Structure formats: structure tokens, C-alpha cells
Amino acid sequence: MPHNNGKSRTRRSWAEPYKIKMVEPIKMTTREHREQAIAEAGFNTFLLRSDDVYIDLLTDSGTNAMSDNQWAGMLLGDEAYAGSRNFDHLQDTITKYYGYQHTIPTHQGRGAEHILSMLTIRDGDSIPGNMYFTTTRMHQELAGGQFVDVIIDEAHDPTSQHPFKGNIDLDKLQSVIDEVGVVHIPYLCMHATVNMAGGQPISMANIRAASKMCHDQNIPVFLDATRAVENAYFIKTREDGFENTSVADILKEICSHTDGCTMSGKKDCLVNIGGFLALNDAELADRARNECVIYEGLHTYGGMAGRDMEAMARGIEESVSFDHQHARIGQVIYLGERLLEAGVPIVEPIGGHGIFLDARRFLPHLAQELLPAQALAAALYVDSGVRGMERGVVSAGRDPETGENRESRLELVRLTLPRRVYTQAHMDVTAESVIDLYEKRNHIRGLAFSYEPDHLRFFRARFTPIGGKQILDDALYSSLPDAVSDTANA
Ligand SMILES: *Cc1c(COP(=O)(O)O)cnc(C)c1O
């Protein structure tokens, strides 16, 4: 593992800080089987059956493995309609580790985003943030607001080595405030480890400065805390002055600069479902409880079963352990470093929740119209049964005004790692398959849409390979590695 940074010392092996008590068998498939499965799925990895997938790196959302302690907690679920003891435990745990005074439980992260947006955003408002997230922006827009991106420019450049690519550009932030006026800014939406930038963290210095800037002008700051503990780990390992501060204390400080948070428990909190809105302002929390009762469930369960709240409380406690984060993020770094050593182009620096293959540089023979990231995700599945997802021109969709494909600077395949689910051996299999594909990249065909849904097309679109039936053809091009763009006309 990457944890022995002293490269000159003898290598000491590293292993996951847990052992396996229960196993879930996965189906081993043949290449022939996978070729058929991906063709039936229209070459879209979202349309594969999970049973046909060997190593599933589609997402880290709700795919976590719970601990024995969490499963034991499931049996202690108090399924009372009102006042469940598990709610008290969850709220106390959130106050202990995140520091917020009031917790409003929700069915998952977007439930919290919905409530916060409804309560704070008025028609015509602008909400600055360090890059959008799909559901967050949608709820801001549905409430009449408009998201304004104030992330630093480096976040948009896959080759920039900036250690905190999630940082807020303070000049951009002040310009937005000056332009639209303080009264039209309900809050700053601050993301910790920015998902859409590739899991890139924000520094404590930047959190302090951006929050101070907003608070000095009476603008509240709400944190998207979905991966805030992972961000705390990056601050500890990358930012001067935090080497000796615990992950838990760093998390507490991050939150202390903000007025509340929305949370998808399906990530950091090590559970499969759930979320919350946490707030310090008693009056706002009371109004949030009223909305919770309408849209989520009673304010002491908000769409979660008692057992789910217990599992989340215990998951939060486990999530702030240094050893856990060291293993979780270490696994991502391990996979990324194996790929970098082999010269595979990925987004750098390596982020917190996954590896992003740069399909533009991986498949230079495929123009963006030939959907290189979509093709690469399909080819990877055929090669080894590893499932990733496209984050490029297909995900970007069409401009509703012009009907043209939205420009997408990034053309990526995301390999997202579920927490505590796979071993280092699974990472080796994944890396070897990607490296092998990189060596025979000219064997990968481009794709064309055969079905394109009107909205969020990446979920359900279907494709056909250009110039042949298979996405990955070993007989293809081996003798003429540079002439492959001709296939576009085949
Ligand atoms: C997943 C996610 C959300 C939404 O949470 P859900 O639990 O999927 O509703 C919000 N913000 C970020 C950064 C996320 O990754």
C-alpha cells in the first residue's frame, strides 16, 4: 500500500484493518458471457444486471459494507413511530462528531437538500458553491435559485497537481456577492471533497477564509458534508499544521466554520441508506422539522427505520477512525498509483472516492463524437467484468435551448470504490485489466447512440459499436495502430 511513503526503506506489506466474517459470493463470468451481457445492455454499464458484474465500481453511494457492530445495532432498532431511542443516539452522535445542535433525519441526502432549499432560497436568488452536485443544484433550481460556480480554475484541469482542487476562489465568491447583492445570496454551499471534481478536497485555510468572508457579510454557510470525514483525512495528510490533529478534531473544526450541513449517509456514514440535515439555529431547525413531517416522515425518523438510524450512528463513530480512512483512501491511492506507474492517464492528484480514467488521452484515436469514455467503460467490462461509469459527453447531455451536445471538457470513466467491500486483490485485478486495455487501446471501437432518452440520458441510453459487433475486438487494428480513426467512416 502507499502508506510507506519513505521510498528508500524496505517495503513492509500492508493489509486491510478488518477481517471477513461473512462473504457474499460473486459470479465469475467468461468473456463470451460478458460480450453478450454488454450487448444486451446497449453498451451502457448502467443497464447491466448486477449479477453479471464481477467487481462493481459504479458508485460508492449506499454500497458500503457495514461492520458487525453496525449489524448488531440493527437488532436494537426501536421501531416506535415517535421518539425512537435510535434517533436520540443518532442526534447525540452527530452533535459529538459534527458539532451541530439539531438533527433532522431524512431518507437520504437529497431529502435534506430539498428541505434546506425550500426554507432558505427565494425566487431569483443565487447560491455560490465549489462546483455543483446534480441533486443539490436541482433542488436549488426547483426552489427558484441559481447555482453559481466559485471553485478555483484548477478543479477543471485534470492535469493540475493542486493538492486542494476543491478550494473556493475567494475573488470569484466576492464578485458574485458584489454582483447580485447580499440579500440575494441565501447561503454559501460549501462541498467537502468535491464529488464532481473527482473527490478533490478543500483546505482548512480555505474553509476558514471563505466562511469568514461570508459571515462578515451576514451570509450563512452550509456544508455538503457527504464526504467531509474523507476531506478531514486529506487535511491531516496534506495541510501543514494538522499532522498531529485527529481526523475527528479536524472534522469538528470544519463544521464549526459552518451553520449546518446536508448529509448523504450513504457515503461517509458507512450505511446503505439514510441522510440528515443538521443545523445550529433553533428557529430554522424548527421550521425544518415542519417540512420534514410533510415530505420525509415524523421529525424523529424522517424516512429511516429505527435500525437504520442506529446503524448510521455507529457508522459515524467508525468513520472518524484514522485507520479506517487510511485504508479507505489508501485503497483508492493504491489503485491509482498502480495505474500511474503503468503510464495510464488518470485525473491527478488521486481523489478520495475513486479513480477517473482520462478517456481522451487513453483513446486518442476516438474523437469525442465517438464517445470514448462510454466505449472504454464498456470495453473494461468485457475485458474483466469490472463495472465503471461514463462521466463525459454522454453524462453532460444536450443544451435544452440549442439541442446540441453540451461541451464536456472532461471525458472520464469513473471507477468508484465502495467502502470496505473489496480487497487489495480486487484492486490488482482491476488495475491489470485497465493496464492491459491501455496496451491494446486500439482494439476499442467507438460508439454511436441507438436510443437517447430526453433527460439524464446517461442512465438509460443505448449504443452500438461503430464498424463491428463487439466493443473490444482483438483482431482489430493490431497491425495498423495509427490508422484507426478511419473506423469512423466504416
Ligand atoms: C450522493 C450525494 C448527494 C445526494 O445524496 P443522496 O443520498 O444520493 O440523495 C449530495 N451531495 C453529494 C456530494 C453526493 O455525493
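Annotation: the antiparallel percentage among DSSP beta bridges lying fully within the chain is about 65. Summing charges over all other residues whose Cβ lies under 13 Å from the Cβ of residue 299, with Lys and Arg as +1 and Asp and Glu as -1, gives -2. Near residue 406: Cβ cut-off under 10 Å, other residues only, Lys/Arg at +1 and Asp/Glu at -1. The net charge is -2.
The angle separating the long axis of helix 109-120 from the principal Cα axis of greatest extent in the chain is about 50 degrees. Between residue 409 and residue 369, what's the calculated FRET efficiency when r is the beta-carbon distance and R0 is 22 Å? Round to 0.05. That pair, residue 409 with residue 369, gives E of 0.90.
The fraction of Cα-Cα pairs per 5 angstrom bin, counted from 0 for the stretch 184-285, comes to 2, 13, 23, 24, 20, 12, 4, 1, 0 percent, rounded to whole percents. Sorting the segments 309-318, 129-138 by their mean number of nearby beta carbons within 10 angstrom, highest to lowest, gives 309-318, 129-138. Compared with the dominant principal axis of the Cα atoms in the chain, helix 170-180 is inclined by about 70°. For the chain, the longest principal axis of the Cα atoms and the long axis of helix 85-97 meet at an angle of about 80 degrees.
At a 10 angstrom cut-off on C-beta neighbours, averaged per residue, how do the peptides 22-34, 55-67 rank from highest to lowest?
55-67, 22-34
The three principal axes of the Cα atoms in the stretch 68-321 give end-to-end lengths of 50, 43, 29 Å, sorted in falling order.
Pairs 165/469; 267/440; 21/267; 172/236; 19/440; 27/252: which are spaced more than 30 Å apart, C-alpha to C-alpha? Violating the 30 Å Cα-Cα cut-off are 165/469; 267/440; 19/440; 27/252.
Placing a label point 7 Å from the Cα of residue 240 along the Cα-to-Cβ direction, none of the residues of the stretch 348-365 has a backbone N under 20 Å of that point.
For the pair residue 51 and residue 212, a Förster radius of 45 Å applied to the C-beta separation gives a FRET efficiency near 0.30, rounded to the nearest 0.05.
Per-residue ellipticity at 222 nm from helix content only, as computed over the chain with -39500 (n - 2.57) for each DSSP H run of at least four residues, stands at -11500 deg cm²/dmol. A protection proxy built from the mean count of other Cβ atoms within 10 Å ranks the segments 258-268, 74-84, 435-445, most packed first, as 258-268, 435-445, 74-84. Taking other residues whose beta carbon is less than 15 angstrom from the beta carbon of residue 183, and scoring Lys, Arg as +1 and Asp, Glu as -1, yields -3.
Between residue 82 and residue 398, the FRET efficiency estimated from the beta carbon spacing at R0 = 51 angstrom works out to 0.60. Each distinct pair of alpha carbons in the chain adds a 1/r term; the inverse of their mean, the Kirkwood radius, is 23.5 Å.
Values quoted throughout were computed directly from the atomic coordinates according to the rules given, and no laboratory measurement underlies them. From a predicted model like this one, the values you see are computed outputs, not experimental measurements. No Cβ is skipped: glycine too gets one built from the backbone with ideal geometry, and neighbour counts run over all protein chains shown.
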